[in-house]
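A.B. asks: This is the structure I want to talk about, given as structure tokens.
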Amino acid sequence: MKKEDKKNVTTKDLDKLVTKELKDSSKEKEIYLFDGQNVAISISDSPEIENLGFSLAHQRNLITEITRFLIIHGSCLIYGGDLRQNGYTRMFSNLVHQYRPSKEAGKLFFKNYFSFPIHLNLKTTDILEFKKNGVLPVTVEPPADLGIDQSKFYVPEGNDNLFIWAESLTKMRQKMQSNTDARIFTGGSMSNFKGKYPGLLEESILALENNIPVYFMGIFGGITSRIIEGLNGKKPEELTIEWQSSQNENYKEFVSHYNSKKSEDKIDYKLTRDFLNNYTLERLSKNNGLSIAENERLFNTVHTSEIIFLIMKGLHKTLSK
């Protein structure tokens, strides 16, 4: 977009720009800009979304539009989630079935990672439905050094079982990251999680450490907005053991238990916060194909068409063949 066109831009204008930018830049390749590229979506419901003037329906609508563009252009979606009937795993599965090209009905467009012991709840009917929709369920076993019964479902209660869950979720997220070319973040719970950190926080650290293209949408708040604050050099209270313990009276005890069993990779909020503070927007921009100003716009804009435009622009610069 030319400088003189930036004033008085409407949502309809941005809708046209998203389509035109992709078509112009792809030339004869008007589809499959991201063919063979794995794009992970890190999303969960934000606890403060209504305070920001939105609803969960707005969050789902935005991620639906982003997903639609990714599928149409040939990318494979990556997500780590559970089996809730109205959860994001089911939503992504249905979107892939709806938008994948009919001539490629046999191609997999979505890989959903399930950690132990969650994957023990997978039913044959679930697997058949996923495969019908072009979805590959990827089950990840717990770390071998836990020495546990892998056929048993461990209820996430008590420090020992929570340790199993945390280690299993971390292994799943590490495996997922090893097969991810870019990652998109929005929303996310901030407390009362089952892993060592809020899920999106742990996934963001893994993605940023690996210097892949990462895109943060702050529109719906949640842990994504606190990660953004960290990248801007701030020290949000949600990224402290004190705040987390104030939300869950058992969490501080669990952290002590977890750290006593680990010689490295302990739970350390200061280390995590310092990593974000020192990452720099320059490094983020270098990796994701957007300028610093564009990333800051993505952090703050509430216009969905602009969000889609910026993410697709960055992905096109970094992933398009």
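A.B. asks: Output the residue which, of all residues in segment 55-69 that are in a helix (DSSP H, G or I) and without any contact (Cβ under 8 Å) to a residue 60 or more places away in the chain, is surrounded by the fewest Cβ atoms within 10 Å (Cβ to Cβ).
C.D. replies: Going through segment 55-69, the residues in a helix (DSSP H, G or I) turn out to be 56-69.
The next check asks that each one be without any contact (Cβ under 8 Å) to a residue 60 or more places away in the chain; those that pass are 56-57, 60, 64, 67-68.
Details: Leu56: 14, Ala57: 9, Arg60: 15, Thr64: 15, Thr67: 25, Arg68: 14.
Among those residues, the one meeting the criterion is Ala57.
A.B. asks: When segment 267-290 is examined, which residues are found to be in a loop (DSSP other than H, G, I, E, B) and either open to solvent by 40 Å² or more (accessible area, probe 1.4 Å) or modelled with pLDDT under 95 (or both)?
C.D. replies: Asp268, Thr280
A.B. asks: A follow-up question, please. Any idea how many residues of segment 194-214 are part of a loop (DSSP other than H, G, I, E, B), out of contact with any helix residue (DSSP H, G or I) (no Cβ under 6 Å at 6 or more places or on another chain) and crowded, with 21+ Cβ neighbours inside 10 Å?
C.D. replies: 1
A.B. asks: Which residue, of Gly53, Gly87, is farther than 21 Å from Ile311 by Cβ and touching a Gly at 6+ places or on another chain (Cβ under 7 Å)?
C.D. replies: Of the residues listed, the single one that is farther than 21 Å from Ile311 by Cβ and touching a Gly at 6+ places or on another chain (Cβ under 7 Å) is Gly87.
A.B. asks: Scan segment 171-188 residue by residue and report those that are touching a residue at least 40 places away in the same chain (Cβ under 8 Å) and open to solvent by 40 Å² or more (accessible area, probe 1.4 Å).
C.D. replies: Within segment 171-188, Lys171, Lys175, Asn179, Asp181 qualify.
A.B. asks: Please go through segment 291-306 and pick out each residue that is open to solvent by 10 Å² or more (accessible area, probe 1.4 Å), in contact (Cβ under 8 Å) with a residue 40 or more places away in the chain and assigned to a loop (DSSP other than H, G, I, E, B).
C.D. replies: Within segment 291-306, Val302, His303 meet the criteria.
A.B. asks: Next question, about the same structure. Within segment 234-241, does at least one residue satisfy the condition of being under 20 Å from the mean Cα position of the chain (by Cα) and in contact (Cβ under 8 Å) with a residue 40 or more places away in the chain?
C.D. replies: yes
The values are calculated or read from the model by the stated rules, or taken from the named source; none is laboratory data. Remember, it's a predicted structure, so these values are computed and weren't measured experimentally. Ideal geometry is used to build each Cβ from the backbone, glycine not excepted, and the neighbour counts take in all protein chains shown. The area values use the complete protein model at the heavy-atom level, side chains included, leaving out ligands, DNA and RNA. Shrake-Rupley method; radii C 1.70, N 1.55, O 1.52, S 1.80 Å.
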